[in-house]
Amino acid sequence: KAEDGYRLWLRYDRVTNSRLLESYARQTRSIALTGNTPTMALAEKELLTALSGLTGRKPEITRQQGATTTLLIETASAKLSKAELSTLGDEGFIIKTTGTGAGQVLVITANTDRGVLYGVFHFLRLLQTQESIASLNIRSVPRMKLRMLNHWDNLDRTVERGYAGFSIWNWHTLPGYIDQRYTDYARANASLGINGTVLTNVNANATVLTPPYLQKVKALADTYRPYGIKVYLTARFSAPVESGQLPTADPLDPRVQLWWKNKISEIYALVPDFGGFLVKANSEGQPGPQDYHRNHAEGANMLADAIAPFKGIVIWRAFVYSAEVSDDRHKQAYNEFVPLDGKFRPNVLVQVKNGAIDFMPREPFHPLFGAMPQTPLLMEFQVTQEYLGQGTHLVYLAPLFKECLDSDTYSKGKGSTVAKVVDGSLQGHALNGMAGVANIGTDINWTGHPFGQANWYALGRLAWDHQLSAAAIAEEWVRMSYTNDPGFVQEITRMMLASRETMVQYMNPIGLHHIMATGHHYGPAPWIADLSRPEWNPVYYHRADSAGIGFDRTSSGSNALGQYHPGAAATWADPDTCPEEYLLWFHHLPWQHRMKSGRSLWNELCHQYNQGVEGVARMQETWEKAGKKTDEQRYRQVKMLLNIQHQEAKWWRDACLLYFQTFSRQPIPAVYGQPEHS
Ligand code: GCW
């Protein structure tokens, strides 16, 4: 069955529990779905497909509630009080059992059709995960306004840091041809509540802003609109120059301002609900306002003013570091952006990566969170596993996302979590959100690694509700994507939850970071030292020498720690209180440093690396046992990938330990396993 991976978590396989099957069939026997907008039509179609699969019976769907209606789906249902509806906003929904006896009806309602569609997907999830629907009273409102995917997709269909084939958007056949995959992509996103997508790479040139490409963008926007998904584009700052029309892109030049105004009107004429722009400026060689001695706020505000009349927004990335600044790369974004707090227009958000370096296996939260109270900060997570084993390693990322979201910035006292910064509640920002750099491509299963789908899923679920636990999300995903078999669910959920820590252990234990090979960022290369820019060299980050290892970021070193609120920094500042997972991130410590385990730092490093390898071996065992309960195709795929992961975990361990041993000059304790190639 070639489609095993293609159906994602929307498989809708027959419910195996006969008692539940019976109750689901009864409750969905007669559906009234009022309204016939495109969005309601999608809800209807999804219900038909899903219920036919789940219950084996095609439900009867009418336009009006009748005496026999068991499930009523309508916008602003009179079955609910105005007061109940008033708390739902534009996107929240209610699923509620109303009435009694023969008059009992299950109602799915919201203030908008979009909200109803989200409610329908939620309802279907209950069936897919085999929850009781006998008596429901669910109210769900997204905690964040912008729930987005960022695609680093180029118009030639290559995907920067994409490991699942090519870009799903075939710009050549657009706008005339709408691939089925475009709509399945939208369904999958809508099922999670994702409501925005940036179609183009932050490093892309300005071609997408030319008239022929805007026609193609329009075709995609038209396709996504009924699913509640808005389209955004990256805006290359030098576009006015690249277009050949102006000699400058200086944001304070009236010709430049006019150019953008015109361009934006042109876009809105085609896409009236266009979301706005995502901009990477003055970072890694991209053009930006600083080329004209203007700051980031001046650049962002110019675009913001031009797009404001259309209610569009500008998302300005804070991922900046430059060769000219010799200071710790960790500090650069903070140094550039904090002084600009309060200077951005109200329709600008600053998008901040979860950590200050770059999507490492483990990073402390970015010091900008909590440090720009007057500016809405949008979270940028990476779903694609650039530094995390890419498309071959099984790494479930919800624990990483949660670790960051749950971190306490202390910016307004204890409990000022990153989640509260990005959901806007801490500082009262109505504009707020979370984005994930997508891992989606043309691969038949969308994400390359079958378990990569779980990371797309988790990103969407957490953007909707960051209070969900990583375990709950994994469990849902496993049930929907594989089976409700309790043993399988338990074992595979456990495997997923451990996978991120295992990856940290075999790649970057104890706070090590950025020791991947330069360029592709895949395997280990802590020895690289000769690249032109110091901060591209792994040796810059681990700083191993005969005395010890780690990056001193305390006041005796780069003092990146000084950028955090004292409440957060206090425990990190002292090696004795610093959680060991961040130890070498903040401290350079002697090889003999005593760890909590009683081991020396060197021995602990050996231990951790080896634990990582053993962790993968355990994943292999789990999959071997439980994996047979799934289809042959995915069983074999994951098995082969785990074999590679095991080999590569050993590669990481052996390469890193043999290299670091040249400094520590100590034996690798036999009990932790000798590197195979020593
Ligand atoms: O993680 C790094 C990547 C670049 C990427 C950059 C960014 C899109 O290695 O490929 O460029 O970050 O986030 O801008």
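Okay, here's what the table says:
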| item | result |
| --- | --- |
| Some residue of the range 304-323 being in a strand (DSSP E or B), within 16 Å of the ligand (Cβ to nearest atom) and without any contact (Cβ under 8 Å) to a residue 40 or more places away in the chain | yes |
| Qualifying residue in the range 184-192 (condition: in a loop (DSSP other than H, G, I, E, B), farther than 19 Å from Phe274 by Cα and not hydroxyl-bearing (Ser, Thr, Tyr)) | no |
| Residue in the range 506-522 that is crowded, with 24+ Cβ neighbours inside 10 Å, in a loop (DSSP other than H, G, I, E, B) and more than 16 Å from the ligand (Cβ to nearest atom) present | yes |
| Those residues of the range 405-449 which are outside any strand (DSSP E or B), within 16 Å of the ligand (Cβ to nearest atom) and of a type outside the set (S, T, N, Q), in sequence order | Ala438, Ile440, Gly441 |
| Residue selected from the range 337-390 under the condition among the basic types (Lys, Arg) and without any contact (Cβ under 8 Å) to a residue 60 or more places away in the chain, by the criterion nearest to the ligand (Cβ to nearest atom) | Lys353 |
| Options Thr554, Thr502, Thr493; residue that is within 30 Å of Arg143 (Cα to Cα), modelled with pLDDT of 95 or more and either more than 23 Å from the chain's Cα centre (by Cα) or β-branched (Val, Ile, Thr) (or both) | Thr493 |
| Residue count for the range 41-58, restricted to those that are surrounded by fewer than 20 Cβ atoms within 10 Å (Cβ to Cβ) and more than 31 Å from the chain's Cα centre (by Cα) | 4 |
| Out of Ile168, Ile178, sole residue that is modelled with pLDDT of 95 or more, in the same structural domain as Ala435 (by TED's automatic domain parsing) and surrounded by fewer than 16 Cβ atoms within 10 Å (Cβ to Cβ) | Ile178 |
| Set Thr483, Thr409: member being surrounded by fewer than 23 Cβ atoms within 10 Å (Cβ to Cβ) and among the hydroxyl-bearing types (Ser, Thr, Tyr) | Thr483 |
| Single unsatisfied condition, Leu658 versus (1) aliphatic (A, V, I, L, M); (2) touching a His at 6+ places or on another chain (Cβ under 9 Å); (3) touching a residue at least 24 places away in the same chain (Cβ under 8 Å) | (3) |
| Subset of the range 271-291 (residues that are farther than 18 Å from Lys261 by Cβ and either touching a Cys at 6+ places or on another chain (Cβ under 7 Å) or in contact (Cβ under 8 Å) with a residue 24 or more places away in the chain (or both)) | Asp273, Leu278, Lys280, Ala281, Asn282, Ser283, Glu284, Gln286, Pro287, Gly288, Asp291 |
| Filter result (out of contact with any strand residue (DSSP E or B) (no Cβ under 7 Å at 6 or more places or on another chain) and either at positive phi or surrounded by 24 or more Cβ atoms within 10 Å (Cβ to Cβ) (or both)) within the range 433-450 | Asn439, Ile440, Trp446, Thr447, Gly448, His449 |
| The range 391-401, subset in a helix (DSSP H, G or I) and more than 16 Å from the ligand (Cβ to nearest atom), residue nearest to Pro509 (Cα to Cα) | Pro399 |
| Unmet criterion (only one of (1) of a type in the set (Val, Ile, Thr); (2) within 16 Å of the ligand (Cβ to nearest atom); (3) surrounded by fewer than 19 Cβ atoms within 10 Å (Cβ to Cβ)) for Val159 | (3) |
| Residue within the range 336-347 that is part of a helix (DSSP H, G or I) and surrounded by 23 or more Cβ atoms within 10 Å (Cβ to Cβ) present | yes |
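The values are calculated or read from the model by the stated rules, or taken from the named source; none is laboratory data. All of these numbers come straight from a predicted model, not from anything done at the bench. Cβ atoms come from the backbone with ideal geometry, glycine included; neighbour counts cover every protein chain shown.
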